[in-house]
Amino acid sequence: MMALADQLRALGLRHTGAHLDDIVDQATKKRWSPTQLLEHLADQEAQDRSRRSVERRFTRSRVGRFKPMSSFDWAWPKRIDRAAVESALALDFIQHARNVVLVAPQGLGKSMIAKNIANNAVLAGHSVLFITAAQLLLDLAAQDSARALDRRLRHYCRPALLVCDEIGYLSYDNRNADLLFQVVSRRYENKSLLLTTNLAFSDWPTVFPNASCAVALIDRVVHHSDVIAIEGDSYRKREAEAHVKARKKRQGS
């Protein structure tokens, strides 16, 4: 059986090779016909390949760990368009190569929402890449030739959904502004972008203070884009305050 299992794995039937003894026992006990056995093998191989495909896409997406939307407190923000968020989570925008921009102060869950959207896209079969603006620009700026830069730009244009997190937390020089503009321009009307930012678009020139492309960059981001603004106080601040109160209560008891 070991030689047969190795042959099956070599043929690409990895699930069948790994579970051969169990499959043979099950087929014998249930007295499957040859057709029933083949149907079972085809079904199990398809499920296993689908599972491994999702795992590969999730690893490549670099989404990492995140809290599910079931733990999101919709009642906490003072302003949030729940219907728009749920539409984004349903991936309605990807089919039409639209963009989604989540605008919110720090600590209101915009990165959490972005990661849930990215995860849903992975599960739906889309290629996804999640990266912070700082990481993206650091990578592009480190390329030492025009050919190397073009190769990295093509890398960021390849996924069906590119999530660029935390635009606005740092200021960038003209070179970085031009690099981000190239990414946005290459994906414009072809593939979707999901951006998170703590700044209104009117404040974006402060991120690229001397960049001549700032207006054109904003124009391409906003065009064909669903802008979702979230307003309120930080979740993390609330949790920290609750933790302090609980600790004082324990100390006083």
- Full-stretch length increase - Arg62, Ala42 - with 0.36 nm per residue and alpha-carbon distance subtracted: 4.1 nm
- Task: Add +1 for every Lys or Arg and -1 for every Asp or Glu among the other residues with Cβ under 12 Å from the Cβ of His126, and state the total.
- Result: +4
- Report the label-to-label distance for Phe201 and Thr35 in nanometres (one decimal), using points 7 Å from each Cα along the Cα→Cβ vector. 6.0
- Say each of Asp25 and Ser127 gets a label point 7 Å from the Cα, pointing the same way as Cα to Cβ; how far apart are those two points in nm? 4.2
- Message: Averaged across orientations, what area in nm² does the convex hull of the alpha carbons in the stretch 63-172 project?
- Response: 8.0
- As a percent rounded to 5, the proportion of antiparallel DSSP bridges among beta bridges in the chain is 5
- Cut-off of 10 Å, at most 11 other beta carbons, DSSP loop: longest stretch of the chain lacking such trypsin sites (Lys or Arg not before Pro): 79-253
- Message: Nothing charged except the Cβ atoms of Lys and Arg (+1) and of Asp and Glu (-1): what's the magnitude of the dipole of the chain about its Cα centre? Round to the nearest 20 debye.
- Response: 660
- Query: How many percent of the accessible area of the stretch 108-231 is carbon or sulfur, using a 1.4 Å probe?
  - Reply: 50
- Item | Prolate/oblate/rounded label for the stretch 1-123 (Cα gyration tensor, a/c 1.5) | prolate
- Per residue, what accessible area does the chain have, given a 1.4 Å probe and all protein chains present, in Å²? 57
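Can you tell me which of 119-126, 100-107 comes out highest on packing, and rank the rest after it, using the mean Cβ neighbours within 10 Å?
Numbers: 119-126: 17.9, 100-107: 20.1.
The most tightly packed comes first, giving 100-107, 119-126.
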- Message: Under a Cβ-only charge scheme (Lys and Arg +1, Asp and Glu -1), can you give me the dipole magnitude of the stretch 77-162 about the Cα centre, in debye to the nearest 20?
- Response: 60
- Message: Connecting C-alpha atoms closer than 10 Å in a GNM of the chain, tell me which of Thr206, Thr132, Thr28 has the biggest fluctuation.
- Response: Thr28
- Item | Inter-centroid distance (Cα atoms) of the stretch 1-44 relative to the stretch 96-155, Å | 41
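Where Lys and Arg each count +1 and Asp and Glu each count -1, what net charge lies around Glu231 among other residues with Cβ under 12 Å from its Cβ?
So the environment of Glu231 carries a net charge of +1.
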- Dipole axis of the chain (+1 Lys, Arg; -1 Asp, Glu on Cβ), positive-most option in Leu38, His223, Ile80: Ile80
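The values are calculated or read from the model by the stated rules, or taken from the named source; none is laboratory data. All values reported here derive from a predicted model rather than from experimental measurement. All Cβ positions, glycine included, derive from the backbone under ideal geometry; neighbour counts span all protein chains shown. Each accessible area value is taken on the protein alone, full model and side chains, heavy atoms only, with ligands, DNA and RNA left out. Shrake-Rupley method; radii C 1.70, N 1.55, O 1.52, S 1.80 Å.
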